């Protein structure tokens, strides 16, 4: 019994940390984009602060597909965090700032006028991390 419990604990504690890609950003935004009153997209946008221009610049974005991806406040660390499976790897993004917006335009699209997508510093690549399968959902 003790051996089984030890093996079980070692299995769960050793693998999860190695397979999580963690990024820190200056601001996490959940944006709800509407066009002519019609809901188009929910997205999570990740910003970095540009000291030269004195403005937030979009670093990357992801569609907000599930409620579980919505950022929550981590009281132990004093920052907001969002987690989701991204290409077979658990991704986690942290920030000390968070906002939620409802717009009639796509902020990510507008940002391309200031900073082309090719010039953005994207979230860390998940290529060098072993993949894990997403847990099956039970009802």
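Rule-based calculations on the coordinates, nothing more; no lab input. All figures in this text were calculated on a predicted structure; none of them were measured in a lab. All Cβ positions, glycine included, derive from the backbone under ideal geometry; neighbour counts span all protein chains shown.
Could you tell me the distance between the Cα centroids of region 29-60 and region 86-101, to the nearest Å? Between the Cα centre of region 29-60 and that of region 86-101, the gap is 13 Å.
Taking packing as the residue-averaged number of other Cβ atoms within 10 angstrom, the listed peptides 45-52, 24-31 run from highest to lowest as 24-31, 45-52.
If you sort the three axes of the alpha carbon gyration tensor as a ≥ b ≥ c, you get a/c of 1.5 or more for region 18-119 and a/b no higher than b/c, which makes it oblate.
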